[in-house]
């Protein structure tokens, strides 16, 4: 896209990202509760990091929020569930309780490839559903002219 061209142009390249990418996911808390009851520790070990299991392992609403967080981060990274391991995305609170995303190995590598420097997250849940919204951003000046809309 030329700098003088001010028309919106979508980024079709699956290996590229704009200056900001957003992902959202919602999941029914009952689905996580049922998986926890049916598969127990095997389910927890497959999806959640040790720190997530230690903190939330018996709390289906919190586990559901973290499951939604993992899915929303995968959307931001443009991979879906392929290519990123579940446990390479971790959501824990800072000392004030604000959720913070930590990326490990496959997720961190993909974020680096896309040029992301920050991932922000917001989590919420009702009695029945958990929702995560994620935004990833590049540092100002770290994206090229072709990344701008």
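Each reported figure results from applying straightforward, stated rules to the coordinates on display, with no laboratory input. If you're wondering where the values come from, they're calculated on a predicted model, not measured in any experiment. For neighbour counting, all protein chains shown are included, and Cβ atoms are generated from backbone atoms with ideal geometry for every residue, glycine included.
Observations, loosely collected:
- Among 27-37, 84-94, the peptide with the highest mean count of other Cβ atoms within 10 Å heads the list, and the full ranking is 84-94, 27-37.
- Pairwise label distance in nanometres, residue 96 with residue 46, each label 7 Å out on the Cα-Cβ vector: 3.8 nm
- Computed E for residue 59/residue 85 - FRET, C-beta separation, R0 35 angstrom, nearest 0.05: 0.95
- Protection proxy ranking of 96-102, 67-73, 132-138, 114-120 - average other beta-carbon atoms within 10 Å, highest first: 67-73, 132-138, 114-120, 96-102
- With Cα atoms, 0 to 90° folded angle of helix 105-114 axis to the chain main axis: 20 degrees
- Whole-number percent relative contact order across the chain, with pairs defined as alpha carbons under 8 Å at least 6 apart: 34 percent
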